């Protein structure tokens, strides 16, 4: 009923009038001309929803319309429908004035003609089977062979238009690279492509497209499009917006896209991978698709309410992504326009309503960093990792028994009397994440400069002539360190989370780690517990011994389970994974042939002396904790796991959310008015099902079996599904032309737009399915067409077809937010091309969290992670990375099938002033100086030409060249008179042979080039 | 350059929207939705006439995040004191759900003293002495009602009309509808004070599925008000001008080749960005304000407080900004440490009382109140029952069935008290205003029919008031 209040003229009408209206000589086409009018103006009271049906008349069904005599086929003047829309009587006129949707004269005329021509109805085009199409024969243009071009040209020729000429090869090189990989092409490749294109353009394009499709960056580019639809993010959403680990799902998508996983398989694994027989790990990770829903962690929430929100989101997302349907409209009542009933909505809902998760993390799976990218992992190595994990599990089970043995051994142990004699070791090699930040001092200690926020020091130690029973890490103060150190934190503290020893590449098991002093809660023992969340720190506080100071020498002794034989080279890794910048500032390694006596804590001995049965709870807890801390066997198992992982080539493991259904099915009811608290008990529970207007689900072989998500997934990718193939190819088309063949890419229902090229859409859909749902095949098909390859320069066609629906030219398209950054990264040469892994934190402006409830500890990465592609930037839904949202990235609260493209001053400020962008401009400036020597006028011109190739893949025009020569000279002079300013704007490393003013002036020039419309546009 | 721009075809700003509206011109969109077309090419904030006669032009929404207690501030309930410590009548609480309260919560009488003031005889508690000065300028809405009792969803509801994130906020709808008069500042500005940002974060001023140009732009109280506003290190004013000039030159070269009007839009956007770099710091600079004005608000030059933000709100409105929203945290007085109805409530009322009243007085004396709607309130009220935390009854839980807000200026009837609650302040018994009704009423004053200000997303025509809302004509003069 309330839909009556909505005033909206159908989108179809707008370009219905522009391009698709029946020409007066043509017959009226029901789907193209009539359904949009009836749907928009009449169905709300004379459509599918029985609750709001007026006078028992349905205009969406011919039978009803004829029976009620609203329509007399062949006799418009005798039809009540025509009489009622033409009457002047405000009581009788249709649509009633109160719904505020008057018919236009053109619409009335169309309805009249349609009735006169027999009032033939047709099913809604998108629900009809995909027609098998042949590309049209063209009148004279016999040279045109590409089927896509034949479809496009046939419409153009009707209008007296034709395709634009092919874009120049420079534009093509950049267009194809941006479209397929999202990175700018390297200048050499541009030049070789141009040469090839001049020889044979078809051959050149075909080879270039193949090359780009084979690039691993293709999976990032097209994976990102898919992640929009999956509403992927790295946080839970709502107010608390805690971090979540879903990046393994992101990695799965990238790999699947790169491998060209057929889209049907791609679908089945994401919707229902968990229900396939014996799913492997990757398949389970794929089900993360529907675990990307929000979780509300706020205190006092009703989990059932937010579980319901998640279910609604899963239904609506599935409808939007695969079927281009607005199922959400049927959540509260039967759809007003499309044949989807309120009950059918909850039949879809019932597929999803079985999950174990209830507004929480629930089921997860362990995945190692890089694991999803392993190519043919050695089964032996996989087995070894599984065995090592099994061993750990066994040890966990036998913990109580082992603790008893341990207790006894301590009580019975004789006091050790060994005396350690420590010898300093000079490191043979060392490295750090942040680059060249460690240096050896005269006393063989290492001094660190600030490096990566969470440093990882790797130190190699030469072999010794005697065995090594223990090693000692000494922390030493130094005047260069904050408060003299020994740490790099502003107060001189450290948090050392893990220490790993390797002998000839094999992990060495440490029995005990003993500190001389530890901050309460930060015991030295935490460095060998394998847990990156705990560590050793040295601040003083309640409970530390009197007189101890933080800013002084400290040490931690590592006693090995077995003495290391003489002649062994050792490698040691120090991790600082907990707090940013709490890295060690100065340290030295020492070894001893004899182990030092282990100091037994008096408290431990006292507790142990109490007979087990008489111990207090506090004692029991304390002893269990001590045992866990000193559990050598467990530590050995952890070391074995770590070794097995590194043999396999994977990194640390995380747990990521996956789908799992409950053992006991949950009953689903229709929710009255969409309210989850109001179940429709009258109609009773509903079974999983699909809308009747679409193909039926296959009959169940076992009638007792309950249908599940796997049935839904298989159904979605049936070859005869009228929607999935059309919707999918339409979205791919949209990426290349800025608009789909069906403009309303997420509404293929009756309120959606009629396709501009219906035959082409069906041909593409059929071709896509016929080629095994191969995306790469589809891309190549489109990219080799003249339609794709034509110029985007505006021409006379704009007068006849201003909105370019008929494609007489390509579109200039502003690249997506991520690609803005990626383009700058690739032009600057700073891009770190690593694929996948945990999210990263590039620099972001201060003040992002001034407005959020929760402040994320955003520590800009130093080292390679600072320069990763933007799709790896950690995404917090409540406070996203500003550059992304400024350039229209959605906040991933719900499915996004197509992004908005805006053009605002805040975008300009970001490109012009953002620290991260400036750094990349400076990187490009430095690169230009490195690549082109000299400072005379010729060199400067060459350098500008080079910059153009890097940024725009083309040479500059004379005007551009002169403008930039003048600009650079002026900046050079200006910086030369301002040493401080030049110093502030130079790249981090000024290439040799150039002064600061020159370097700064080229940074300024690079900045200008990265700020043009062309830089962020695919032309 | 301007004449050059004017030659360009008038093409829309948004090449493609996520809603499948594709390349229909923004102007087409707006005309379709009953809005006037943008008067200037390509600028989403270009001034547009509202479809109906407007009584107000601007809005300042003072958002009291956390949910202020109407029972400590605006509603004297002697019965609540009389029945203090007793169970509430079952008819009131039956079938109700609360965020934290369980069964057996007992009534809590307020310890605050109330008195009636002004010609309107509106009751105010001792916590709001400065509000006495505006008691006859303000329309008191005592019958407010909302649907949700968790902070995040309730704040979203008050701002967007929906409990889930992803919908446009009121400021976005308004600027989408009529643009903004300011050429140098964003049309929708958000300010924040208090210990932390409001729950739900940027979803509260999100443009949702509207083009992102309409999202609220947060202005920080200290440092650069807008992200990336300052020139990079080493770039002087002159170098920045050179930079904008050469970028403009390169853009015009490309425009001549491609003839794509989108480039004109970008040239425009860069020019506005350049102006913003000077206009935003000028806005924040209070050196031109008299000491008397600063004292009226309790603001300080260089300060970062609710009082400063109220003064900034006036300055924003003076500069033509359409919609200003202030968030002040934290009003969530459950009774735990830092959350008592005693000194903790006193602290936040002291932070807010004087400046809120000052804003109304200042706008009035400058003749700006006629055109500007000032709204004061939070996402919900607080329960008549006390909440026990740490063993002491010192607070109240979230309450959705009745709470108080106020509105001044922009055609709201001054000195009127609208809305009656029962003896416990639990339910509205007369003159109820649901959140949707408040939205409908504000839009009405700005010249919109809330049922017609729509945007199609995922096949549905969405609006701020969803499928509800009534213009509460009774509170309008």
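The values are calculated or read from the model by the stated rules, or taken from the named source; none is laboratory data. On a predicted model such as this, the values are computed, not experimentally measured, just so you know. Note that each Cβ is placed from the backbone with ideal geometry, even for glycine, and that neighbours are counted across all protein chains shown.
Among the residues of the stretch A:437-464, which ones are closer than 18 Å to residue A:571 by Cβ, within 33 Å of the chain's Cα centre (by Cα) and surrounded by 21 or more Cβ atoms within 10 Å (Cβ to Cβ)? Matches in the stretch A:437-464: A:455, A:457.
Set side by side, the residues A:825, A:760, A:781, A:764 differ, and just one is more than 14 Å from chain B (Cβ to nearest Cβ), under 30 Å from residue A:946 (Cβ atoms) and either at pLDDT below 95 or buried (at least 18 other Cβ atoms within 10 Å of the Cβ) (or both), which is A:825.
For residues that are more than 8 Å from chain A (Cβ to nearest Cβ) and out of contact with any strand residue (DSSP E or B) (no Cβ under 8 Å at 6 or more places or on another chain), scanning just the stretch B:212-239, find the one that is nearest to residue A:1006 (Cα to Cα). Step by step, filter the stretch B:212-239, then rank; the result is B:237.
Here residue B:436 meets the list (1) surrounded by fewer than 20 Cβ atoms within 10 Å (Cβ to Cβ); (2) farther than 21 Å from residue B:136 by Cα; (3) under 17 Å from the mean Cα position of the chain (by Cα) almost entirely, failing just condition (1). Quick one: count up the residues across the stretch B:203-233 that are within 21 Å of residue B:164 (Cα to Cα) and free of Cβ contacts under 8 Å to residues at least 24 places away in the same chain. Going through the stretch B:203-233 one residue at a time, the tally reaches 1. Selection of first residues in the stretch B:81-98 that are within 14 Å of another protein chain (Cβ to nearest Cβ) and surrounded by fewer than 16 Cβ atoms within 10 Å (Cβ to Cβ) and of second residues that are modelled with pLDDT of 90 or more and assigned to a loop (DSSP other than H, G, I, E, B), restricted to Cβ pairs under 8 Å at least 6 apart or on distinct chains, gives the following pairs, ordered by first then second residue: B:96/B:401. Is it the case that some residue within the stretch B:299-320 is crowded, with 21+ Cβ neighbours inside 10 Å, over 18 Å from the mean Cα position of the chain (by Cα) and more than 7 Å from every other protein chain (Cβ to nearest Cβ)? Within the stretch B:299-320, one or more residues are crowded, with 21+ Cβ neighbours inside 10 Å, over 18 Å from the mean Cα position of the chain (by Cα) and more than 7 Å from every other protein chain (Cβ to nearest Cβ).
Where strands (runs of 3 or more DSSP E) fall entirely within the stretch B:367-477, those with at least 3 residues that are within 14 Å of chain A (Cβ to nearest Cβ) and in contact with a helix residue (DSSP H, G or I) (Cβ under 9 Å, 6 or more places away or on another chain) are at B:392-399, B:460-463. Is there a residue in the stretch B:259-272 that is surrounded by fewer than 19 Cβ atoms within 10 Å (Cβ to Cβ), more than 24 Å from the chain's Cα centre (by Cα) and more than 20 Å from residue B:45 (Cβ to Cβ)? For the stretch B:259-272, residues surrounded by fewer than 19 Cβ atoms within 10 Å (Cβ to Cβ), more than 24 Å from the chain's Cα centre (by Cα) and more than 20 Å from residue B:45 (Cβ to Cβ): present. For the stretch B:129-146, indicate whether the set of residues that are at the interface with another protein chain (Cβ under 10 Å from one of its Cβ atoms), surrounded by 23 or more Cβ atoms within 10 Å (Cβ to Cβ) and either outside any helix (DSSP H, G or I) or modelled with pLDDT under 95 (or both) is non-empty. No, there is no match, as no residue in the stretch B:129-146 is at the interface with another protein chain (Cβ under 10 Å from one of its Cβ atoms), surrounded by 23 or more Cβ atoms within 10 Å (Cβ to Cβ) and either outside any helix (DSSP H, G or I) or modelled with pLDDT under 95 (or both). I'd like to know if the stretch B:181-202 contains one or more residues that are away from chain A (no Cβ under 12 Å) and farther than 17 Å from residue B:375 by Cα. Yes: one or more hits. Reported count of residues in the stretch B:255-265, each being touching a helix residue (DSSP H, G or I) at 6+ places or on another chain (Cβ under 6 Å) and either over 21 Å from residue B:213 (Cα atoms) or within 7 Å of chain A (Cβ to nearest Cβ) (or both), is 2.
Yes or no, residue by residue, for (1) in the same structural domain as residue A:705 (by TED's automatic domain parsing); (2) more than 32 Å from the chain's Cα centre (by Cα); (3) within 27 Å of residue A:836 (Cα to Cα):
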position	(1), (2), (3)
A:325	yes, no, no
A:328	yes, no, no
A:365	no, no, yes
A:402	no, yes, no
A:407	no, yes, no
A:410	no, yes, no
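Put simply, of A:77, A:33 the only residue that is part of a loop (DSSP other than H, G, I, E, B) and closer than 20 Å to residue A:110 by Cα is A:77.
Filtering the stretch A:883-893 to residues that are within 7 Å of chain B (Cβ to nearest Cβ) and touching a helix residue (DSSP H, G or I) at 6+ places or on another chain (Cβ under 6 Å) leaves only A:888. From the list A:880, A:987, the one residue that fits, being more than 7 Å from chain B (Cβ to nearest Cβ) and within 30 Å of residue A:291 (Cβ to Cβ), is A:880. Counting only helices (runs of 4 or more DSSP H) that sit completely within the stretch A:274-366, those holding 2 or more residues that are within 12 Å of chain B (Cβ to nearest Cβ) correspond to A:303-318. Number of residues in the stretch A:342-364 that are crowded, with 20+ Cβ neighbours inside 10 Å and within 22 Å of residue A:58 (Cα to Cα) equals 3.
If you filter the stretch A:907-919 down to residues that are touching a residue at least 12 places away in the same chain (Cβ under 8 Å) and facing chain B (nearest Cβ under 7 Å), you find that the one that is surrounded by the fewest Cβ atoms within 10 Å (Cβ to Cβ) is A:914. Every test in (1) touching a residue at least 12 places away in the same chain (Cβ under 8 Å); (2) within 11 Å of another protein chain (Cβ to nearest Cβ) is passed by residue A:937 save one, and that test is (2). Take residue A:251 and decide whether it is at positive phi and either modelled with pLDDT of 95 or more or away from chain B (no Cβ under 14 Å) (or both). Spelling it out, it is not the case that residue A:251 is at positive phi and either modelled with pLDDT of 95 or more or away from chain B (no Cβ under 14 Å) (or both). With respect to the conditions (1) over 27 Å from residue A:729 (Cα atoms); (2) within 19 Å of the chain's Cα centre (by Cα); (3) part of a loop (DSSP other than H, G, I, E, B), residue A:795 lacks only one, and its number is (2). Among the residues of the stretch A:994-1009, those that are farther than 15 Å from residue A:964 by Cβ and either more than 9 Å from every other protein chain (Cβ to nearest Cβ) or surrounded by fewer than 23 Cβ atoms within 10 Å (Cβ to Cβ) (or both) comprise A:994, A:995, A:996, A:997, A:999.
The number of residues in the stretch A:964-984 being surrounded by fewer than 23 Cβ atoms within 10 Å (Cβ to Cβ) and either over 40 Å from the mean Cα position of the chain (by Cα) or more than 9 Å from every other protein chain (Cβ to nearest Cβ) (or both) comes to 13. Answer yes or no: is there a residue in the stretch B:325-344 that is in a helix (DSSP H, G or I) and either in contact (Cβ under 8 Å) with a residue 60 or more places away in the chain or closer than 30 Å to residue B:71 by Cα (or both). For the stretch B:325-344, residues in a helix (DSSP H, G or I) and either in contact (Cβ under 8 Å) with a residue 60 or more places away in the chain or closer than 30 Å to residue B:71 by Cα (or both): present.
From the list A:395, A:411, the lone residue that is surrounded by fewer than 15 Cβ atoms within 10 Å (Cβ to Cβ) and touching a helix residue (DSSP H, G or I) at 6+ places or on another chain (Cβ under 7 Å) is A:411.
Does residue A:924 satisfy the criteria of being more than 12 Å from chain B (Cβ to nearest Cβ) and in contact (Cβ under 8 Å) with a residue 24 or more places away in the chain? Taking the combined requirement at face value, the residue satisfies it.
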